[in-house]
Amino acid sequence: MKKQLFILFFFMSSLLPVFSQIQGRVTDANNQPIEFANVALYALPDSTLVTGTITDKNGEFSLTANDIGNAFLKISFIGYETQVVPATPGQTIVLKAENTVLGEVVVQGNLPKIQLKNDALVATVQNSVLSKAGTANDVLKRLPLLTGDDGVFSVFGKGEAKIYINNREMRDVSELDNLNSADIKDVEIVVNPGARYDATVKAVIRINTARKAGDGFGFDLRSSYFQSQNTDLTEQLNVNYRNNGWDLFGTFKFSRNAYFQDSKRWQKTFVDTLWTQNNALYTDGLTKSLTGIVGVNYEISPKHAAGLKYTLTDYPEDRNSTTMNSTVYADNIFYDQWNSEEEKNTHHTPAHRLNAYYNGSFGDLGIDFNTDFYANKQHSESITTETSQEFEDRQIDSENRVENRMIAEKLVLSYPILGGRFSLGNEYIDTHRKDEYQTEQNIVPSSSTTIKERNSSFFAEYSRKFSFGNIGAGLRYENVNSEYFSNEERMDDQSRKYEQWFPTFSFGTQLNNVNLQLSYTAKTQRPTYRQLRGNVYYGNRFTLQTGNPFLKPSVIRDLTMIGAWKFLQLVVSYQNERDAIISWTEQLEENPAVSVIAYKNLEELPTFTASFNVSPTFGIWSPQLNIGLLKQWLTVITNNQPITLNKPLTFVSLDNSFRLPSKYLLTLDGYFQTKGNYQNIYLARNRFIVNMGLTRSFLNDQLRIELKGQDLFYGIKDRNLLYNQKMQLLQTNRNDTREVELTIRYNFNTAKSKYKGTNAGDAEIKRF
């Protein structure tokens, strides 16, 4: 397969010499490259459209056409004045920023413009109120369609997004906190990623910075203090030295995270006896982490770069304790009461990750190669003491050892063909996971699970700009060979082989002033290694937890339409997920009173989502309103009765930014979520969250002080009803979410990283 794709690629490229090339570059008034600008070639004297293309990340373009004599170029980009210039090779075209008039409100850089460009919704950060938000993490929290924090963000209706910074995949969530919002040019939100992305990637966030890299020594220092019912800390130092194409960099970070969860569980099991449990559960824990990063880049020439990066992560302290008090009834008659105390300590061997890359071009041929190695080990010890009022007491001593290893490589080739861009790529991932669980008692069995998996994938992708719009199409092939071992014996039934094709297609156009895009993708969701485990964990006398080695990966077919007009955006999507993975509880065969919490595949799960965004600016006030709807169609059988779970979830958020005198920025944000269904869960409580922040910059933005309040009215509380085959579980949760944050940041001669490694196998690491 790989050989055939390369033969096709070189055969097509061999046809190019019969055409002439017109190349150039598009920049703004500050000589910054403009990516995705439209470049159209017209022939004189009748102004016939000959061909068109878009600029790349360096603002460069290349047009291929027959000898047409006199011609001119028309260059356009949203937010800039259109330029018409003679079609001469090697020129640089400068676009001037335009002012946008919205009724009686004149917007001159205050509005974070959100427009549709090619495959993404693009939010302009530079010269907008978002440039004062603080960090890249703060910017993402205030963009439409995005929810999340601390480096983990999801796109509404799609799932967790993979984040790229300057076309380099983010490897550590702290990178968002390292990046100053003032250095960000724009953020692209891709709701239907194409074939070049792993088939497990449901959404992509691409962050593009504006500041040029500078030479010399630079550093930035961050100190954050978080006070809630617990105290958390983050201390981080980043250093760089750049000279003559060399870039040496390093990071040291310490984090302290204390947490708690206060839960109430009401559990009913419908078997020959109606078993009812009333549980009160409280967990508190503490995690301390250390992260060290060292790396080097070398720009061999403007078109060639290579680098190496090593990341070490350790957890010197990782512990938690859980207390659960349970009262049990049999057919509404008191049966027993017990108290469980669990102490768990996890010891980590430092996790190692090494990435090496080459990024360059030979003529018009672009090459991007990455290889990764990842390894970690952890050993947890748990002691559970269960005291019963009516029966014997129990003590369960257990150990769990987990080892993960991965080797991966990724190669992407790209070349301009027939006025568009053609890309070929492959990725290979080899993983090994071993999970050993041992107990001294026979209440639950000891077990050992090993999973060896090899994933080979290839993709081809082509995109081109036409006079009537932009068309992109791609095809990805993935071959997965998974071997499953239980107690060192290969299990043929649990070992699987998958060969899957994932097509993608997109069409974008403009009708009057409305930008439209229609896209289709096929994606997959592979079960995590935790979901595939065969180990059985003890909860209490009537509750066990395990995985499901027979889980199949789900396949998601997604059709999405996006519309954008001025400061309004609408995203509508329909998904049908085959073999969707959900949490599911069944009864222990030899004792039906015992519930075993595991996972299973649904036959299908159709979902409809819609999101509407409004983001105008009125003087110093920049509001952003988001309204979202998520509706699914699902029926499950509980206690031999069908339960329909179709109630939609509605989301409303209003983020407000106020630019005040003396470089103050005030933010006041609200979020509301209604009750509704998600998978086999009924979310039975409305959520209302209010956050507030005040930021002040000093010394030309070198020093910044931030004071923030999160979840001021303690609105993040859950009440969830989980439906299963013979059991219903109602649970309420309260976490340590209301807090005050004080952050001080200082930077000296900082610049964006030159590191161009994009990483291979990140989706696999998340499965670990």
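Being surrounded by fewer than 17 Cβ atoms within 10 Å (Cβ to Cβ) and more than 26 Å from residue 571 (Cα to Cα): is that true of residue 648 here?
So residue 648 does not fit the description; no.
Just to be sure before I move on: is residue 611 without any contact (Cβ under 8 Å) to a residue 40 or more places away in the chain and over 26 Å from residue 730 (Cα atoms) in the structure I sent?
No, not satisfied.
Within region 494-510, is even one residue more than 25 Å from the chain's Cα centre (by Cα), outside any loop (DSSP other than H, G, I, E, B) and under 30 Å from residue 115 (Cα atoms)?
yes
Six or more apart or on different chains, Cβ atoms under 8 Å: show the pairs whose first residue is in region 553-573 and over 14 Å from residue 610 (Cβ atoms) and whose second is in a loop (DSSP other than H, G, I, E, B) and of a type in the set (Gly, Ala, Ser).
The qualifying pairs are 554/580; 567/615.
With the condition being closer than 26 Å to residue 268 by Cβ and in contact with a Ser or Thr (Cβ under 9 Å, 6 or more places away or on another chain), I'd like the strands (runs of 3 or more DSSP E) fully within region 569-649 carrying at least 3 qualifying residues.
581-588, 591-601, 641-644
Restricting to region 204-263, name every residue that is touching a Lys or Arg at 6+ places or on another chain (Cβ under 7 Å), among the basic types (Lys, Arg) and over 15 Å from residue 179 (Cα atoms).
256
What number goes with the only condition from (1) part of a loop (DSSP other than H, G, I, E, B); (2) under 26 Å from residue 448 (Cβ atoms); (3) not hydroxyl-bearing (Ser, Thr, Tyr) that residue 397 does not pass?
Only one criterion in (1) part of a loop (DSSP other than H, G, I, E, B); (2) under 26 Å from residue 448 (Cβ atoms); (3) not hydroxyl-bearing (Ser, Thr, Tyr) is unmet by residue 397, namely (1).
Out of everything in region 244-273 that is in a strand (DSSP E or B) and hydroxyl-bearing (Ser, Thr, Tyr), what residue ends up being farthest from the chain's Cα centre (by Cα)?
Once the filter is applied, the top-ranked residue is 269.
Within region 459-493, track down each residue that is under 30 Å from residue 38 (Cα atoms), of a type in the set (Lys, Arg) and over 24 Å from the mean Cα position of the chain (by Cα).
Within region 459-493, 464, 465 qualify.
Checking residue 72 against (1) exposed (fewer than 15 other Cβ atoms within 10 Å of the Cβ); (2) modelled with pLDDT of 70 or more; (3) of a type in the set (A, V, I, L, M, F, W, C), only one condition comes out false. Which one?
Every listed condition holds for residue 72 apart from (1).
Mind counting the residues in region 142-165 that are outside any strand (DSSP E or B) and buried (at least 22 other Cβ atoms within 10 Å of the Cβ)?
So the count comes out to 7.
In the list 506, 467, which residue meets the criterion of being small (Gly, Ala, Ser) and surrounded by fewer than 17 Cβ atoms within 10 Å (Cβ to Cβ)?
Going through 506, 467 in turn, just one is small (Gly, Ala, Ser) and surrounded by fewer than 17 Cβ atoms within 10 Å (Cβ to Cβ): 467.
Among the residues of region 695-737, how many are farther than 15 Å from residue 181 by Cα, surrounded by fewer than 16 Cβ atoms within 10 Å (Cβ to Cβ) and polar (S, T, N, Q)?
Number of matching residues: 3.
In region 427-457, how many residues are buried (at least 20 other Cβ atoms within 10 Å of the Cβ) and under 24 Å from the mean Cα position of the chain (by Cα)?
7
Filter region 629-643 down to residues that are surrounded by 12 or more Cβ atoms within 10 Å (Cβ to Cβ) and free of Cβ contacts under 8 Å to residues at least 60 places away in the same chain, then give me how many there are.
5
Can you pull out every residue in region 193-243 that is part of a loop (DSSP other than H, G, I, E, B) and hydrophobic (A, V, I, L, M, F, W, C)?
195, 199, 201, 210, 213
Conditions tested, residue by residue: (1) over 21 Å from residue 649 (Cα atoms); (2) in a strand (DSSP E or B).
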residue	(1), (2)
677	no, yes
682	no, yes
689	no, yes
704	yes, yes
713	yes, no
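If I ask for residues that are closer than 20 Å to residue 576 by Cβ and among the aromatic types (Phe, Trp, Tyr), which ones from region 617-658 would you list?
633
Has region 442-453 got at least one residue that is farther than 30 Å from residue 508 by Cα and among the basic types (Lys, Arg)?
Yes, region 442-453 contains at least one residue that is farther than 30 Å from residue 508 by Cα and among the basic types (Lys, Arg).
Applying the selection to region 118-141, what residues are β-branched (Val, Ile, Thr) and assigned to a helix (DSSP H, G or I)?
129, 139
Specify which of the listed residues (245, 216, 194, 250) is on the phi > 0 side of the Ramachandran plot and surrounded by 14 or more Cβ atoms within 10 Å (Cβ to Cβ).
The conditions single out 245.
Restricting to region 308-358, count the residues that are under 30 Å from residue 253 (Cβ atoms), of a type in the set (Asp, Glu) and loosely packed, with under 14 Cβ neighbours inside 10 Å.
Result for region 308-358: 1.
Tally time: how many residues in region 429-477 are of a type outside the set (A, V, I, L, M), assigned to a strand (DSSP E or B) and over 30 Å from residue 409 (Cβ atoms)?
Summing the residues that are of a type outside the set (A, V, I, L, M), assigned to a strand (DSSP E or B) and over 30 Å from residue 409 (Cβ atoms) in region 429-477 gives 8.
If you go through region 351-397, how many residues are charged (D, E, K, R) and touching a residue at least 60 places away in the same chain (Cβ under 8 Å)?
The qualifying residues number 6.
The values are calculated or read from the model by the stated rules, or taken from the named source; none is laboratory data. Because the structure is predicted, anything quoted here is derived from the model rather than measured. All Cβ positions, even for glycine, are placed from backbone atoms using ideal geometry, and neighbour counts span all protein chains on display.
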